[in-house]
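Everything on this sheet refers to the single structure shown next.
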Amino acid sequence: MKGGQQAKWANSAVQIVLLFLGLVSTLALFFGQSGFPEPSFLLFMSAVFAALFSAVFLLFKGRTRAFLLLGIFGAWLLAGVFARGYFSYGMEVASGYIAPYLAQVANLELGAAAPTQEGAQACAAFCLYCVFPYAGFLAWAVVLRRSALFSLLATIPLFAFSYGSLTQPAGVPLALLFVFWVSMILQSRVLRTAKEV
C-alpha cells in the first residue's frame, strides 16, 4: 500500500514537472518573441498559477474540487469586472505587440509605438489575467487528464503564433517545448498500453 502511494505521488510529481515545462516554454516563446513587457514576471506568475491548479487537482476530489475551482474562477471573473477599464487599456497596448506580426502575415506596413510605463504595466496585468485560465486548462490537461491531445491543443496555437515571428533566438524554450510534447505523447501511449494489458 505504501509503495503504491509513493508511486502515485512520484507520477504526480512527474506530471507537475511536465506542466511547468510546457507552460513556461510556450509562454516564453510567445511573450519573448512578441516583445511583451516584463516576460520574466509573467513566466514566474504562470508557474505560481500552475502550482495552485496542480494542488487543487491533486489534493481535492469530487465536490470539494468543483467548489474550489468555481470559487477560484469566480474570483477571477470578479477581478475582470472590477478592473475592466484597466484591462481594456492593457488589451489595447497588447494589441500593439501583436499587430506587427499580423501585419507581416498580411504584407502590410504597420509600426507599433512604444508604450509608456503605465501602458506596459497595464499590458502585463492584462496578459497575467489571460494567463490564469490558460494555466488552469493546461494543468487540467496535463496533471488531471494526462492527455497528450488536450496538451497539444493548448500549446500548439501559441507556438504557431510565436513561430511565425521568430526574430530572437528561441533555442532553450523551443527545445523544452519539444521535450514536453514528446513526453506527453509517450506517456499517453504508455497509459493506453497499460489499460489494454
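In table form, for the structure just shown:
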{"item": "Gap separating the Cα centres of region 31-50 and region 62-96, nearest whole Å", "result": "17"}
{"item": "Förster-model FRET efficiency, 41 Å R0, Arg63 and Ile98, C-beta, rounded to 0.05", "result": "0.55"}
{"item": "Ranked by how many other beta carbons lie within 10 Å on average, peptides 56-68, 119-131 from highest", "result": "119-131, 56-68"}
{"item": "Simple spin-label estimate for Tyr86 and Val172 in nanometres, 7 Å along Cα-Cβ", "result": "3.1"}
{"item": "Most to least accessible of Trp76, Trp181, Trp9 (protein chains only, probe 1.4 Å)", "result": "Trp9, Trp76, Trp181"}
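The values are calculated or read from the model by the stated rules, or taken from the named source; none is laboratory data. What you see is a predicted model; the values in this text were computed from it and never measured. Using ideal geometry, Cβ is built from the backbone for each residue, glycine included, and neighbour counts are taken over all protein chains shown. All accessible areas refer to the heavy atoms of the entire protein, side chains included, with ligands and DNA or RNA removed. Shrake-Rupley method; radii C 1.70, N 1.55, O 1.52, S 1.80 Å.
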